[in-house]
Amino acid sequence: MIVADLHIHSRYSRATARDLTPESLWQAAQLKGLDLLGAGDCTHPAWLAELREKLVETGDGAYQLRPELTSGPASAVPEACRRPVRFLLSGEISCIYKRHGATRKVHLVVILPDFAAAEAVNLRLGRLGNITSDGRPILGLDVRDLVELVLDCSPEAICIPAHIWTPWFSLFGSKSGFDRIEDCFADLTGQIHALETGLSSDPAMNWRLSSLDGYTLVSNSDAHSPANLAREANLLDCPPSFPALAAALADPWEKGFVGTLEFFPDEGKYHLDGHRKCDLRLDPVETRRLNGRCPVCGGPITVGVLSRVEDLADRPLGGGPARRPHFEYLVPLGEVLGEVLQKGPRTKGVLQAQAELTRRLGPELFVLRQASPEDLDRVGGPVLAEAIHRMRTGKVWLEGGYDGEFGVVKLFAPEERKELAGQGRLWRGAEKPRPQPAREKANPAAQAPLPAEPSLPLAGPGPSPGLALNPEQQAAVEASGAPLIVRAGPGSGKTRLLVARAARFLAAGADPARMQLVTFTRKAAGELAQRLADACPTGAAARVGTFHSLGREVLTQALGGPPLVIDEDERLGLVAELAQKAGLKAGELAQHLGLAKQRVEDPGEPWLRPWFRAYQEALAQRQALDLDDLVRQAVRCLRDDPELARTWGQRFQHLLVDEYQDLNPAQVEFLRALAGPQCQLAAIGDPDQAIYGFRGADRRLFAAFGQDFPGARVLSLRDNYRNRAPILALASALMTAEPDPGRPQQIARAGDGPLPLLATLPSPEAEADWVARQVVELLGGVDSRQVEAGADQGHGYAARDIAVLYRLHAQAPLLAEALARAGAPFQVAAREPLAETDPLDFKAQRVSLLSMHAAKGLEFPVVFVTGLEEGLLPYLPPERAPADPAEERRLLYVALTRAGERLYLSRATRRALYGQVRHPGPSPLLADLPPGLWSQEAAPRRARKPRQLGLF
DNA sequence: CTCTCCGCGGTTTTT
DNA sequence: CCGCGGAGAG
């Protein structure tokens, strides 16, 4: 018979002992009596490298410590404990993701056959998230997809859902788990053969779910220090190797899975229900009676494992399958000796006694399970013999753990303990106390079965109710007979309106080939096309494209073939050549030429004209155009060729233009040429969200629509369905400083919410830490330490609900580091879209870090807007022209209105930019936010120095 | 062709 | 300050 502990951690995991090395594990395994040990944290590159260096293959599917590492003086193992220790490669991965509308946090233990498999898994995981910052990586990844990935890398790999009942991080957890395994693993459910019951439940509790009958129930220590190894473990009657283990887990009765060594589940941290903060311990019946609400603080009670088992059980107390594996309860030897000696379990006397016992009798598990009463008496004394007898027979006092508080197991009654304390001599030779049996540990769930109350899965927000429109939207959809421009603020249903209008005219018989929707980006075009297809699934789709694609089409006809467009590198090379001749910086010339190209006419600046012409000539020599020319030259061709102008001017019955505030003069000219008298032109946009002036967009064209398209009708959408009232109030207040008679007062239709919060931090590092702390709290904690530190109950937000915005990409690394340290899954929006994405590209379940510009058009329930400082917003580049302050105000407006429910603002009072340390005051834009509309974070706690976790 | 060292420039971004 | 690109060496 061998004893196996398959789930532990290394020193690279959070809150673990620093002395967790392969050598110390080898030593501790022997002192405990383990034959087979999952080495843990195999997803961490540094730990895996260390394992590769220090372990060698045994040749039969396991590893062992290099012989030369077993001889150091520090690794002395008493003769009585010495045994071969086999290692396997194992690890635990934390998945945080949204599924069926609710946030899920599920931990998975993975055991891999060899280093090649571990490295293959790490390569894939490394692309999905940060696996270097924590031995137990936290990934924004559906655990079903993780299983697929692991099996893809290594078909023999063993996947075991970890501590399946803990409320916060598990398959069946009350806080973020599932009710059925199939709901979690879907089509891959069949790949799961074993479940880890965790400290707070024992096999008997699990037997009450007939749905678990087919699974092997395993127990592991989840140790964070060598001392905790084997506090739970598995008994196997098979060789200590990977293939034998895999076979035993898949076919326990035939292949030698014997059973488990267990904590008294009461001792687990989440056995009962309750509130640690409120000092409230409840059993499931009481929780029911209180309707799940804490009578002290009113918050939801943390529902423990016992309750959860009751909820999902379909068998009565004591019920179970016909055939049940063996299991036995243990109390760690340190705790037993602590009671015997009336001292704490980690005190010097206890440690000495423990060392003496293992030296003279054998490993801890032998002492606890197998040593004869006589031997125990001889070495430890009668009190010890009695204590262990009671443990073995289950005659113990139990006080259930709850809400992260460990439970208490006592082998002696209080009055016995008093008696013992008076005796003085407890260790070896102490008198045997009168045995006074305590409550027998028959079954932990000593309560009457509870009436089953179905726990409903959280319903996500329902689908948007078709194309239901408010009266203003309806008017904008119907309007015809004149050019139309609609001013549509954030969250006013801009896209819905465009789609509804197109659908309405298509339904009325408009020719789809003569209807064109125009956007700026291909992404926007794609989304619009999709929405339109959804809205009118039967009819032929209208044309949806970008200004550039439309320009290309015109030019193709004008030139009798598709134009050749030079790519960006080529263009920059060309400009650089010219710049050298001109004695200018390449970047500077490129910018001027680029801006000039936003207009149809050649530039007016005399100094620029020759270079502009030279540039155009160079293009002509190559018979090529640049991207801006697609629109500009199309307009010129339409000007010069009446026949072409007629064709295109008559072509469209409907033109629908998105983001009109971002147009440049060339694009307006283009529209004028395309919108003939028969054409219904409808434009939509929001001049308050015009943030691309720096690349030639001219928001004044929005107001000038009436001049460019005479007889135009102007409408506004006032209802805002996105931003909670306090967020909208703050954003609106920001814009009142820039008066605009045409601006409608938006009406908050999304309901009330918390006030936006501004935090002032001493440094960018502290700011990043603050953001990370808030994120962790919003996620309800990403590890148990945070949960136990009272990281609130969470708010039901998933990582993908949260965005962190900044003015400069240079701010991103610190924020990313802080989130990585905090263990929150995140992604940084790349400046350029990544050329290659992983083929197994899962829907991102991560916090998004992106620039305020990149956030345009997006929305998130929770938004952080960082770096609200003098010099950063509005941005004042050192030694350069300052950014347009009005545009920077609109940029902040865009940023604020990305937030649906919660808005956090932050600034640092020290910031180093380009090597210069500055002490900026608050952004002057903050002065325009009336004090009543936001709250301040009072004296933020100073950031703790983060412990260095990784080497990478 | 590849490596290293030095100097300088360094918002925001789409086609 | 620090990353990238150009230049010069091997």
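Just so you know, all these numbers are worked out from the coordinates, no wet-lab data involved. Quantities reported herein were computed from a predicted structural model and do not represent experimental measurements. In this analysis, Cβ positions are derived from the backbone assuming ideal geometry, glycine residues included, and neighbour counts consider all displayed protein chains.
Before moving on, here are some points about what is shown:
- Put a dot 7 Å past the Cα of A:E568, heading toward its Cβ, do the same for A:E588, and the two dots end up 2.3 nm apart.
- Alpha carbon centroid spacing (whole Å) that separates the range A:226-260 from the range A:474-520: 65
- Distance in nm between pseudo-label sites at A:V56 and A:C297 (7 Å out along the Cβ direction from Cα): 5.5
- Distance histogram in 5 Å bins (all Cα pairs of the range A:558-624, percent per bin): 3, 16, 28, 26, 16, 7, 3, 1
- In terms of Cα atoms, the Rg and Dmax of chain A work out to 34.2, 115 Å.
- Value of Rg to Rh for the range A:76-151 (Rh from inverse mean 1/r over Cα pairs, i.e. Kirkwood): 1.14
- Table column - 3J(HN,Hα) (Hz), the range A:898-903, Karplus curve with 6.51, -1.76, 1.60, x for Gly and Pro: 6, 8, x, 10, 9, 10
- FRET efficiency, A:A810 to A:A844 (Cβ-Cβ, R0 22 Å, nearest 0.05): 0.45
- Only the Cβ atoms of Lys and Arg (+1) and of Asp and Glu (-1) were treated as charged; on that basis the dipole of the range A:31-127 about its Cα centre amounts to roughly 620 debye.
- Considering every alpha-carbon pair of the range A:2-140, the percent of pairs per 10 Å bin, from zero through the bin containing the longest distance, is 12, 42, 31, 12, 3, 1.
- The region of chain A that goes longest without hitting one of the GluC sites (Glu not before Pro) in a DSSP loop, each with at most 11 other Cβ atoms within 10 Å, is A:1-600.
- Antiparallel content of DSSP bridges confined to chain A, in %, to 5: 40
- Efficiency of FRET from Cβ geometry, A:Q370 and A:L757, R₀ 56 Å, rounded to 0.05: 0.40
- In the range A:847-922, the trypsin sites (Lys or Arg not before Pro) that fall in loop regions by DSSP, at most 15 other Cβ within 10 Å: A:R880
- Proximity of backbone amide H atoms, modeled 1.01 Å from N, is registered between A:F263 and A:L330 at under 5 Å, excluding neighbours fewer than 5 places apart on the same chain.
- Every helix of 4 or more DSSP H residues in chain A counts as -39500 (n - 2.57), and over all residues that averages to -10000 deg cm²/dmol at 222 nm.
- Within the range A:65-202: Cβ-based charge dipole about Cα centre, in debye rounded to nearest 20 (Lys, Arg +1; Asp, Glu -1): 340
- Using a cutoff of 8 angstrom between alpha carbon atoms and counting only pairs six or more residues apart, the relative contact order for chain A works out to 10 percent.
- Extension gain, A:Q530 back to A:E859 (0.36 nm per residue minus Cα-Cα distance, nm): 116.6 nm
- Separation of the range A:536-559 and the range A:641-709, taken as the distance between their Cα centroids, equals 15 angstrom.
- Degrees separating the helix A:45-54 axis from the principal Cα axis of chain A, which is the longest one: 40
- Proxy reagent accessibility, fewest Cβ within 10 Å first, across A:S372, A:S716, A:S13: A:S372, A:S716, A:S13
- Here is the result for the range A:654-706: no chymotrypsin sites (Phe, Trp or Tyr not before Pro) lie in DSSP coil with at most 10 other C-beta atoms within 10 angstrom of their C-beta.
- Here the range A:295-369 is treated as a sphere whose radius is the Kirkwood value from Cα pairs; by Stokes-Einstein at 4 °C and 1.567 mPa s it diffuses with a coefficient of 79 µm²/s.
- 26 Å Cα-Cα reach of A:K410 towards lysines, excluding residues that sit fewer than 8 places from it in its own chain: A:K32, A:K269, A:K277, A:K343, A:K348, A:K395, A:K418, A:K432, A:K441
- Under a 5 Å amide H cut-off, with hydrogens placed 1.01 Å from N, A:S935 pairs with A:L757, A:L758 among residues at least 5 apart or on other chains.
- Lys/Arg +1, Asp/Glu -1 at C-beta; chain A dipole; positive extreme among A:A541, A:C238, A:T760: A:T760
- Dipole magnitude of the range A:582-649, debye to nearest 20 (Cβ charges: Lys/Arg +1, Asp/Glu -1, about Cα centre): 60
- Relative contact order for the range A:611-703, counting Cα pairs under 8 Å that sit 6 or more residues apart, in percent: 29
- With Cα atoms, 0 to 90° folded angle of helix A:812-822 axis to chain A main axis: 20
- Each other residue within a Cβ distance under 15 Å of A:D187 adds +1 if Lys or Arg and -1 if Asp or Glu, for a net charge of -3.
- Between A:A682 and A:L484, A:L655, A:L656, A:V657, the built amide H atoms are under 5 Å apart, and every one of these is 5 or more places off in sequence or on another chain.
- Cα long-axis angle, helix A:522-535 against chain A (0 to 90 degrees, to the nearest 10): 80
- Relative to the globular-protein estimate of 2.2 N^0.38 Å, the Cα radius of gyration of the range A:707-747 stands at 1.45.
- Under 20 Å from the A:E328 label point (7 Å along Cα→beta-carbon), backbone N, the range A:28-50: A:29-37
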